[in-house]
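Below you'll find the structure, written out as structure tokens, and then a few comments.
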Amino acid sequence: MTEVYKNGLTRLSSNAEQPRCNIIFIHGLKGHPRTTWEGQRLADSDTAAIPRRGLFGRLRKSRAASDEVGTEQTSTSTKVFWPQELLAKDIPEAIVWTYGYNADVIGIFEANNQNNVSQHGRGLAAALERDIDNEVQALRRSESCQQLTRLIIFLGTPHRGSGAADIGQIAANLARLALQDSNKDILRNLQIDSEVLENIHEEFVKIVLQRDIPVHSFQESKGMTGIKGLSGKVVDNYSSRLDLPTIETLEPIDADHRQMAKCSRREDEIYRKVFGELRKRIKNGVLEPNRTAPNSLASGPSQQILSDREVDYSPASPIRKRHILLPSAPNKLFTGRRETLNALEDNLFISQKSQRLAITGLGGVGKTQVALTFSYVVKEKYSNYSIFWVSALSIGRFKQDYTKIAKECSIGAGFNEAELIQIVQDYLSNVDSGKWLLVVDNSDDQTLLFNNDIGIIKYLPQSENGITIFTTRYRHIAVDVADRNILHLEAMNLEEAKMLLQKSLGRGEEEKIMEDLLEELTYLPLAINQASSYMIKSSITIAEYLELMRDTEEEMVKLLSRDIQDSSRGNTRNAIAVTWLISFDLIKRDEPNAADMLFFLASLENKAIPHSILPVNSKGDMVHAIGVLTGYSFLTKQEDSEIYDMHRLVHLAVKTWMRKENVVDYWKVKTIEHLANIFPFDEWENRSIWQAYVPHTLRVLQDTEQMISERRAVLCLRLGQCLLVDGRTSEAVKWCKECFLWRKLSLFEEDAELLQSQHELAVAYRSNGQVKEAVELLEKVVAIRARVLAEDHPGRLASQHALAVAYELNGQVKEAIELLEKVVAIEARVQAEDHPDRLASQHALAVAYRSNGQVKEAVELLEKVVAIRARVLAEDHPGRLASQHALAVAYELNGQVKEAIELLEKVVAIEARVQAEDHPDRLASQHNLALYYESSDQINKAVSLMQHVVTVQQKYWRADHPDRIIAERSLSRMLRERAAEGLLGGEAQQLAG
């Protein structure tokens, strides 16, 4: 085994006679050129468990090794030094080296310390020149080292601080890991704002970008355990990445920081991944010259993260001056979007599918920043391309940018601005101008782009050597300028957004708080930057900013309307809400029907908007209006459905725009009128429609509490009726009462609409357990209708029926039977056998018979009702289920317990499928089934089901609801009886007590 020098280079390979490349292993802070890489050797079977040794035993050995002065002697057979024992053998065409240096944490980042990073870098360069005999040319200086480097692999290396820890804290964690002093006074020069550290990092990033050196960063997946003062990852994901999407590949390793550089065999994950990456690079042609560094004397391709395409340096290619005209320096906060950048390069430079491409997406999603970052990618990788940038915000800006191009290219001297536009177009359209990339930013105004007299599009150059990228919020424009070559940009994912927030703030906070804020900001880059700017200027925390956002809608819009400074966006308004207001104004000017649709949508909830709720002038107009709003990404269609969602922040911004346009009240009235016209009646067959409309109707009614009107009263009543069928009784009472109170103030006592609302409110009262209020109201309705309506009028019969049911619930059983027998007799004379009202009255009469002890009559009548309803109603119709429930109750009273349980089990199963858990009918069926289980000695089933009923009722119903009180008493009795019989455990006995 080769002796490994503690300081300097040690050659590990012995079999590379004609080396093609060198692989150099460099350890980190507190590391060692051998022990850093040694893994525990497995037993001969290769399946035996790794011997468990104490942490201090391993560290003592590591310390003893680090105390040696000159070399590291051959390790014992219990360790595998994998760079030599495995890698050198598996890549025989490479020479494998390890490099050691004094890796003491203390002083390593101090500019004047002899043990600093810069000194070690110069030491490495000198060692390379002295010790490595390269077949092409010896390395004479660090510049050559940069040129000859073909790949850098990092294993959990901290490049910067993060929200979880600054770089000083990370170094302290590393020190703890090696049982060194982690005193922060000693590590004061490792803070994130350290000038030394910043310079090192910036210089490194500059070099790898200029030289196009690929970077592969492995990140630890596991946190540390078992070491005092350490928990979680030593180097988190943010710190162990460079955020260079054009050259960096990220990959996790399923290990903690201490183990991620140690391998025992070829099957280990880290070995497979490192060896595979190296083998792939060599196999793909490491020795090909790097065209982006033409003076390079060694071999090796760049990592092709974005492209394999190379600059054309052939003699036939004319040498021209390159022109770069971009609006700002690279955005240091740019984060993620690697797939988008890859797609852009593949489309425009590699596959060359098109010469024109449009980037679309919601305002603030980052279209301009993607275009800017891609322009800098092109600048670094395609040195024979000139790059130009023009703004399409106004014709003035466009002319100004064309004038800059003319000046940069030294053309058009002496010509006026109007003439320069044509001169620039002609120049770039000529092949002699060379290859170019042109970005046309903010291409959002159709009139400005396509106007016959001043349209920008007609002044854009066309050349086989040119590529044009448009950024636009409006998909229709994207199609017009780039046909099908459209790249739609979505909001960031959570990880990207979190990284951007940490970068923008220069710090991080507790994960949950950051995630809550990002959810509120809907992961939009501009909104994140805007929020960060406000927090920095105001010196507030994320939690405090969140509190402001959640205060009121007006406060949120106010926060999102504050401009921020952003040089990359020129003089445009940089507040997220303001960018959308500009789009709204364009829609109002060019697409008035779409603007009306936007106003209507702002009155609804922003999620799950059914197509059928939208107002229709004509089908064609509606289709076009929806197309405009989806084209701006303001509206999105849920997959495989006729349901739409509106972006939440856009929804708020539209409300602000409506206030600015002074149209809020006008659209509230229009929306109420429209919903009152289309909201369905409470027939069971309409259930899917009303359930889709309910959230939006609730929103509209809540927002118009001070705008009482006849159409609003109609809407309140329709909503209340449907909520009652859905079992939402307390809400039903609220909206039925609102309708009744308005009509009571506005209409005569005998008005049919007032009586209808009075009747519906009483029914809601009855279902909500407010039986006395129901009786009082219904007696008034019955008296008036008896006076003004014929005996067989459906309205009069309906109110008598409702009053009889209320009487029965109020204990007035004889009155209920008397009234119902009269109603049933009249309905038998004027209605068909299967008429819903006739069946309902027979059902109610049977229930009254049952309450009066006339069980046989109840069973006989209910069997008839159940049979007819089974023939004419769907299995899950509430009327059919109610009559089956009532029959089961009658069966039990008649001693037919088995039949009662069988029927109720069927009812409970269907109701569980179609009704909410707190629906009164569902709970009533479960309550009775529990009682019948008890009477048939199925005790465990009975107790379990009754406990469920009580739990749900206590969650949703008020404490004095009669049905809740009855269920609680039933459960208490069951538990007491079981406890007395010794059948329950201690917990149940306590409940029973």
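The values are calculated or read from the model by the stated rules, or taken from the named source; none is laboratory data. The shown structure was predicted, so the numbers you read here are calculated from the model rather than taken from an experiment. Note that each Cβ is placed from the backbone with ideal geometry, even for glycine, and that neighbours are counted across all protein chains shown. All accessible areas refer to the heavy atoms of the entire protein, side chains included, with ligands and DNA or RNA removed. Shrake-Rupley method; radii C 1.70, N 1.55, O 1.52, S 1.80 Å.
Principal axis extents of the C-alpha atoms in the range 320-477 (largest first, rounded to whole Å): 45, 36, 30.
Backbone phi angles across the range 581-597, fed through the Karplus curve with coefficients 6.51, -1.76 and 1.60 (θ = phi - 60°), yield HN-Hα couplings of 4, 4, 5, 4, 4, 5, 5, 4, 6, 9, 9, x, 5, 5, 5, 4, 4 Hz in residue order; Gly and Pro are listed as x. Solvent-accessible area of H624, all protein chains in place: 90 Å² (probe radius 1.4 Å, heavy atoms, ligands and nucleic acids excluded).
I'd like the trypsin sites (Lys or Arg not before Pro) in the range 449-529 restricted to DSSP loop residues with at most 12 other Cβ atoms within 10 Å, sorted by number. For trypsin sites (Lys or Arg not before Pro) across the range 449-529 that sit outside H, G, I, E and B with at most 12 neighbouring Cβ atoms in 10 Å, the list reads R484.
Here the convex hull built on the C-alpha positions of the range 601-726 has a volume of 120 cubic angstrom per residue. Of the listed residues E981, E515, the order by accessible area with a 1.4 Å probe, largest first, is E981, E515. Carbon-plus-sulfur accessible fraction, the range 325-422 (probe radius 1.4 Å, protein heavy atoms only): 51%.
Per-residue surface analysis assigns R337 an accessible area of about 20 Å², computed on protein heavy atoms at 1.4 Å probe radius. On the accessible surface of the range 434-507, probed at 1.4 Å, how many percent belong to carbon and sulfur atoms? The C+S portion of the solvent-accessible surface of the range 434-507 is 42 percent.
If you count only protein heavy atoms with a 1.4 Å probe, what accessible area per residue comes out for the range 379-509, rounded to a whole Å²? Could you put the intermediate results ahead of the total?
Values: 5470 Å² over 131 residues.
Per-residue accessible area for the range 379-509 comes out at 42 Å².
The residues of the range 593-700 expose on average 43 square angstrom of accessible surface per residue, using a 1.4 Å probe on protein heavy atoms. Checking the table K321/K381; K30/K206; K512/K537; K353/K435; K332/K498 against a 18 Å threshold on Cα-Cα, which pairs fail? Violating the 18 Å Cα-Cα cut-off are K30/K206; K512/K537.
Tell me the per residue accessible area of the range 794-849 using a 1.4 Å probe; a whole number in Å² is fine.
Numbers: 2220 Å² over 56 residues.
Result: 40 Å² per residue.
With a 1.4 Å probe rolled over the protein heavy atoms of all chains, the accessible area of H793, H323, H257 falls in the order H793, H257, H323, largest first.
Counting only protein heavy atoms, what percent of the accessible surface of the range 828-968 is carbon or sulfur at a 1.4 Å probe? It would help to have the intermediate numbers written out before the result.
Values: 3130 of 6360 Å².
That share works out to 49 percent.
Note that the range 471-484 has calculated 3J(HN,Hα) couplings of 10, 8, 7, 10, 4, 4, 5, 4, 5, 5, 9, 10, 6, 8 Hz, one per residue in order, obtained from phi through the Karplus relation 6.51 cos²θ - 1.76 cosθ + 1.60 (θ = phi - 60°); glycine and proline are x.
Test of the criteria: in the range 695-756, which trypsin sites (Lys or Arg not before Pro) are in a DSSP loop and have at most 13 other Cβ atoms within 10 angstrom of their Cβ?
Values: sites: R699, R711, R712, R718, R728, K734, K737, R743, K744; in loops: R728.
Listed in order of number, the matching sites amount to none.
Report Rg(Cα)/(2.2 N^0.38 Å) for the range 369-413, keeping two decimals.
Values: Rg = 12.3 Å, N = 45, 2.2 N^0.38 = 9.3 Å.
That works out to 1.32 for the range 369-413.
For S221, the residues whose modelled amide H falls within less than 5 Å of its own, excluding neighbours fewer than 5 places apart on the same chain, are I253, A255. Remark: the range 829-836, residue by residue, has Karplus-estimated 3J(HN,Hα) of 7, 10, 10, 5, 4, 9, 5, x Hz, where x stands for each Gly or Pro and the curve is 6.51 cos²θ - 1.76 cosθ + 1.60 at θ = phi - 60°. Shape summary: the range 812-941 maps onto an equivalent ellipsoid whose semi-axes, from the alpha-carbon gyration tensor, are 25, 18, 12 Å in decreasing order.
About its Cα centre, the range 795-933 has a charge dipole of approximately 240 debye under the convention of +1 per Lys or Arg Cβ and -1 per Asp or Glu Cβ, with nothing else charged. Summarise the long-distance tail of P(r) for the range 656-777 by giving the % of C-alpha pairs beyond 21 Å. Of all Cα-Cα pairs in the range 656-777, 40 percent lie more than 21 Å apart.
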